[in-house]
Each structure stands twice: as structure tokens, then as C-alpha cells.
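Below is one structure, written out as C-alpha cells; the observations come after it.
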Amino acid sequence: MGYKVAVVGATGNVGREMLSILAERGFPADEVVAVASRRSQGTEVSFGDKTLKVQALEHVDFSDVDICVMSAGGSISKEWSPKIGAQKCVVIDNSSAWRYDEDVPLVVPEVNADAAAGFTKKYIIANPNCSTAQLVVALKPLHDKASIKRVVVSTYQSVSGAGKDAMDELFTQTRAIFVSDPVEAKKFPKRIAFNLIPHIDIFMEDGFTKEEWKMMAETKKILDPKIKLTATCVRVPVFVSHSEVVNIEFDKPISADEARSILREAPGCLVIDKHEPGGYITPYEAAGEDATYISRIREDITVENGLTMWVVSDNLRKGAALNAVQIAEVLINRGLLKPKKAA
Ligand SMILES: NC(=O)c1ccc[n+]([C@@H]2O[C@H](COP(=O)([O-])OP(=O)(O)OC[C@H]3O[C@@H](n4cnc5c(N)ncnc54)[C@H](OP(=O)(O)O)[C@@H]3O)[C@@H](O)[C@H]2O)c1
């Protein structure tokens, strides 16, 4: 007997990816319900070779739903996740609303799958920020070999990380530039086409942005509170996949060759690292893929025990939808959640 799954935000970037991943992986669902706002009620979304009619969130009865994968933004999640969780339907949430709540596990299955068992306090599990997910997948196997003391990360984040309207803005601005029309910036604070913007999410008092703060706080919660991390997050005119330059300081030496062979064996990681033109991954190639790709691994001789690497992954998949589906699979495979129908 299978599970009943609701996908909230089914018409959005992450929600659509969620539906295709559930279908691709043959997720053990008897029924999948597509949910969005009232604006989308009655429209259709694809689920494998079927189409599903979208229901408005207010009209869904969650009492017989087992799992709700939610990607409708922070304010919707703040309001709805506790109500849905109270009906013993586990919410796996993609927003930042619950990530820092002590009673809510923040999970990347390759790194801290055991934490998922803590979902019973609120029936909510948080998915990390897209930039954090791919970072910790690449750091964990190295941290197991030599403890990481400090990380300096610079991100090159695609516009899909800001939702479907942001993708439209890059497309519309690019076309406007080619036909000499005026360029309008609505979603981003400055023009994104043929440009880049060193600002994602709101500014905090110390001058960091919230996106940069999230990477620091989430790496500590998922991987190790002792790791010091500083980030600079930059939006770039790429449609899908986030890239990161990662400088790491360890407590003992680890060579580039050692790191390469550890990462080759690590779950979720794929190393592409040839010292020749094209011997590395680019965001365009990672789009639509599940892996976290690692290239340009080299020793950083400007610090003690340092390594530098280039990490790329599809932000809509590992950074959001895939990670959420993997969390649901952990609950099922470990026997932590039984279908309500079976009770
Ligand atoms: N994109 C990424 O890389 C990424 C990564 C990690 C986490 N996230 C998070 O995932 C969430 C969604 O991101 P996205 O990129 O998919 O955004 P998006 O493309 O803008 O989609 C937003 C979705 O939320 C739905 N929604 C909006 N208001 C709603 C309401 N009142 N009730 C029910 N549904 C409502 C929308 O439905 P309508 O079409 O009906 O408006 C749409 O399906 C955000 O919290 C984001 O921070 C995104």
C-alpha cells in the first residue's frame, strides 16, 4: 500500500521539478495531489505521463495525506505547515521558515539522514537553502577524513533560485537588449542580463546578506557547529544550477589527490577534474542532473592544510526538489512513516 503525497507550490519552479522527480524515481505514492494558490486552481501540471488538476491550498483536506512537500514560500509555510503537521501529515518544507527551529530537523540525506527521525515534534522537516545543500554534500566526506576548521565560499547563483518570475526577467531583459528596447528590473535590484549582482536576500546589520548568513547557520546545523564559514553570494545570468568556489582549511594535511579519490567514492558526488580545456563542469551541464559535481580540486598553499575546489549542482534538484524527495525516501525506507491508509 502506497502513500498519499501533496505537492504544494506545484506550479512553481521547485514544485514542477518535485513532480517530475517523484515520477522519475517511482516514488511509492498511490495518489499525488497538486496544490497551489487560488490563482492556479483548475490548471493542469504534468506528473510523469499524466496530468494533475491543481487544487487551491485552502480546499485540500490533509487528514488522509501522509507527506506534504511544500515549496510555496516562507509566509505560506509559516501559516500552513503547523496546521498540516497537526494532522500527522509530515511537511518537508523548502522555505527558510523552519530551518533554524530547534524542534525541526534540517536534513541533507547524504550528510545527516539520522536527524530526520526528529520530525515527530512538529511533523515538519526543513530542506536547506540551495547553496548550502550542494556545499555540505561536497564537504562532508572531506570533513570525515580531516576536520574542517574554516570555509570561505563565493557563490555564482542562477536566477531560477529566485523563482519563475526571475527566470522570465532574465529572458525578457536579454531579448530587450538585443532589440534595443528599454530594460526593466522588477524582480532583481539591478539589471541581471549581461551582468551580475552581489546581493541575494535582505541585508543584515553586519553588512552580510541573509543568503550569506543562511549558508553559515545551516552548515553548522547540518554538518558541524564548530566549522567557521564566511560566504559571498552573487546572482549571475545563468538560468539553472548554482556554482561555488570553496576554500577550505583543515586541521591536518589532505592532498588534492586524496580529496579527489574521497569525493569519487562519496554519495551524491561526481568528480570531473582534468587539467585541460573543458575538463571541468559548468552550470549548463549540471542542469537536469542529480549529482553535486566537483572540479578544479587543488591545494591552497597560502594557508596551512588548505584546499580549493569548484562545486556545481542543479539548484532546483539537489538544492530543493530532489533533496526533499530523498528526505521522504529516508522516512519510508527507515520505517519512520507508515501510510495512514494502512492504520
Ligand atoms: N528555486 C530554488 O532554487 C529554491 C531552492 C531552495 C528553496 N527554494 C524555496 O522554494 C520555495 C518556492 O520556490 P520556487 O522557486 O518554486 O518559486 P516560484 O517558482 O515562484 O513558485 C511559487 C509557488 O508557490 C505557490 N504559491 C504562491 N502563493 C501561494 C498560496 N497563497 N497558496 C498556495 N500556493 C502558493 C505558487 O502558486 P501559483 O502559481 O498559484 O502562484 C507557485 O506554485 C521558496 O520558498 C523558495 O525559497 C527555492
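The values are calculated or read from the model by the stated rules, or taken from the named source; none is laboratory data. Quick caveat, the model's predicted, so the values are computed rather than measured. With ideal geometry, Cβ positions are generated from the backbone for all residues, glycine too; neighbour counts draw on all protein chains shown. These accessible areas exclude ligands, DNA and RNA; they are computed on the full protein's heavy atoms, side chains included. Shrake-Rupley method; radii C 1.70, N 1.55, O 1.52, S 1.80 Å.
Across the stretch 23-58, which residue is least open to solvent (accessible area, probe 1.4 Å) among those that are within 12 Å of the ligand (Cβ to nearest atom) and out of contact with any helix residue (DSSP H, G or I) (no Cβ under 8 Å at 6 or more places or on another chain)?
SER40
Out of the residues in the stretch 113-148 meeting the condition of being open to solvent by 40 Å² or more (accessible area, probe 1.4 Å) and more than 23 Å from CYS89 (Cβ to Cβ), tell me which one is nearest to the chain's Cα centre (by Cα).
LYS140
Which ones in the stretch 234-267 are open to solvent by 20 Å² or more (accessible area, probe 1.4 Å), more than 16 Å from the ligand (Cβ to nearest atom), in contact with a helix residue (DSSP H, G or I) (Cβ under 8 Å, 6 or more places away or on another chain) and part of a loop (DSSP other than H, G, I, E, B)?
Selection gives PRO267 alone.
Consider GLU212 carefully, then state whether it is without any contact (Cβ under 8 Å) to a residue 24 or more places away in the chain, part of a helix (DSSP H, G or I) and open to solvent by 10 Å² or more (accessible area, probe 1.4 Å).
Considered against the rule, which asks whether it is without any contact (Cβ under 8 Å) to a residue 24 or more places away in the chain, part of a helix (DSSP H, G or I) and open to solvent by 10 Å² or more (accessible area, probe 1.4 Å), GLU212 comes out as yes.
As an exercise: evaluate ASP251 against (1) touching a residue at least 60 places away in the same chain (Cβ under 8 Å); (2) under 22 Å from the mean Cα position of the chain (by Cα) and give the number of the one condition it does not meet.
(2)
Considering only the stretch 26-107, give the strands (runs of 3 or more DSSP E) lying wholly within it that have at least 2 residues that are β-branched (Val, Ile, Thr).
29-36, 67-70, 90-93
Restricting to the stretch 145-182, what's the tally of residues that are within 16 Å of the ligand (Cβ to nearest atom) and either part of a loop (DSSP other than H, G, I, E, B) or under 28 Å from THR219 (Cα atoms) (or both)?
12
Here are LYS50, LYS88: which of them is at positive phi and among the basic types (Lys, Arg)?
Being at positive phi and among the basic types (Lys, Arg) holds for just one of LYS50, LYS88, which is LYS88.
Check TRP80, TRP98 and return the single one that is surrounded by 22 or more Cβ atoms within 10 Å (Cβ to Cβ) and in contact with a Lys or Arg (Cβ under 8 Å, 6 or more places away or on another chain).
TRP98 is the lone residue from the list that is surrounded by 22 or more Cβ atoms within 10 Å (Cβ to Cβ) and in contact with a Lys or Arg (Cβ under 8 Å, 6 or more places away or on another chain).
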